[in-house]
Amino acid sequence: MNISGTGGVLDIAVRSGFSSAVALHNLTRSQVTRVLSHNRNLGAALDLVICYLKNYEIDKADAVMRTILPLCRERGGMWLMKALNQYTIVRSKQSRHREALEMYEEYEKLVPFAPEEAWEAYDTIYRNFGWIYNFLQDHERALHYFERAIEV
């Protein structure tokens, strides 16, 4: 497998120059999955997405998320929540707001708290919904979520 197909996850490791990292260059898809299945590596891949976003490398962030989202789905819990939250950001930056909305709706269902229990989380959740609906030109619903953010 060409490492460029992994969205740069392995590319960074190979460029590090470590002899063990250079061996990553010819991994198969299943081997890549096995490498990324380790907690440390999957966590690093999620962190890499944020680095790409901060450096306006949206397509690279998307490629990494396409690679790791299935692994995060398998794990569920906080892994899936973090992945959905980050992928929502990627989709929004790609102006793919309908997909961002679907991901964020899935994310919200996974939040284990009620708004009364974790108002700080719901302040952010409601504001993010507001922005997504604003981009979708559904201003009534956007206002509804912005008002909910104020209420919590």
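All of the numbers you see were taken from the coordinates with simple rules; none came from a lab. Small disclaimer: the values here were computed from a predicted structure and weren't measured. Neighbour counts are summed over all protein chains in view; Cβ atoms, including those assigned to glycine, are modelled from backbone coordinates with ideal geometry.
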*Evaluate the range 108-152: find the radius of gyration of its Cα atoms, find its Kirkwood radius, and give the ratio Rg to Rh.*
1.00
*Label TYR56 and ARG141 with points 7 Å out from Cα along Cα→Cβ: what is the distance between them in nm?*
3.1
*What spacing in nm lies between the two simple spin-label points modelled at GLN94 and MET78, each 7 Å away from Cα in the Cβ direction?*
2.7
*Cα to Cα, under 16 Å, and not fewer than 8 places away if on the same chain: which aspartates and glutamates meet these conditions relative to LYS93?*
GLU57, ASP59, ASP62, GLU102
*Using the C-alpha atoms of the range 64-125, what convex hull volume per residue, in cubic angstrom, is computed?*
79
*What is the spin-label model distance, in nm, from PHE113 to GLN31 if the labels are put 7 Å beyond Cα along the C-beta direction?*
4.3
